[in-house]
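Heads up: the structure comes next, in structure tokens.
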Amino acid sequence: MSEYSPLPVPPMSIRFDPAAGTLSPEGPTLTRRMSDLEGLFRDRAAWEQAVADGDPVVYSVVSSQVPEVDRELPQSITTIQPGATGGELWMTKGHQHPNHQGEIYLGISGRGGLLMFDGAETRWVEMTPGTIGYMPPGWAHRSINIGSEPYSFLAVYPGGAGHDYGWVLEHGMGLRVLAATDDNTAANGNTGTDTGVEFVAYSGD
Ligand code: 6PG
Ligand code: NI
């Protein structure tokens, strides 16, 4: 018998609907609008304009009923809408898990990227349906929609990991991800990539 006796939730099955981007039975849903992303976009004036122009939903996170409690293994589906503000592709806030633990993402639909930063190095994993992105302990992570459709992925993470958003506001993510345009290419002296994104350093802000 396990030494772990408390049961916040019983053994169960969770229905995962990839087309709808839902989990059922469902737990809490979080909606992040543009106004929730203050201080994250490089172009503050463009961010203010987007907030004034209807404050669009940038992403939502639907969770299962497994709680964020130590030794539990919660899951959630994040759906990021397509878009760019000041040329910077729509993204999640990004966070560090203060109690350093690993995490996985599984691409469900659309095209996205997983940006990871350990305070010194930045890594990029392109995410398409079926890709598993692995975040080792201590790597802050942010997701970006790099396509023209909504980008959805399933996250599975240790319930006791915690979420530190201030870390990313303080340290950044090493790189920013812009839509590849002739303007961006010229401004950055960069030849662009075949994925349609441009990377620029936070240090260039
Ligand atoms: C997590 C996951 C993931 C993440 C969402 C929204 O640790 O819970 O990384 O579910 O929270 O994709 O991203 P932000 O938490 O950075 O807003
Ligand atoms: Ni996380």
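Here is how the numbers come out for the structure above:
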{"item": "Förster radius 22 Å - calculated FRET efficiency between residue 163 and residue 118, Cβ distance, rounded to 0.05", "result": "0.85"}
{"item": "Alpha carbon Rg of region 90-156, scaled by the compact-globule rule 2.2 N^0.38 Å", "result": "1.04"}
{"item": "Ranked packing of 75-82, 165-172, most packed first, by mean Cβ within 10 Å", "result": "75-82, 165-172"}
{"item": "Virtual spin-label span in nm between residue 22 and residue 203, 7 Å along Cα→Cβ", "result": "4.8"}
{"item": "Segment residue 30-residue 14, length gained on full extension (0.36 nm per residue, minus Cα span)", "result": "3.9 nm"}
{"item": "Alpha-carbon spread of the chain, three principal axes, descending order, Å", "result": "63, 35, 32"}
{"item": "Long-range amide H partners of residue 197 with built H, under 5 Å", "result": "180"}
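Each reported figure results from applying straightforward, stated rules to the coordinates on display, with no laboratory input. Quick caveat: nothing in here was measured; it's all calculated off a predicted structure. Positions of Cβ are generated from backbone atoms using ideal geometry, with glycine treated the same way; all protein chains shown enter the neighbour counts.
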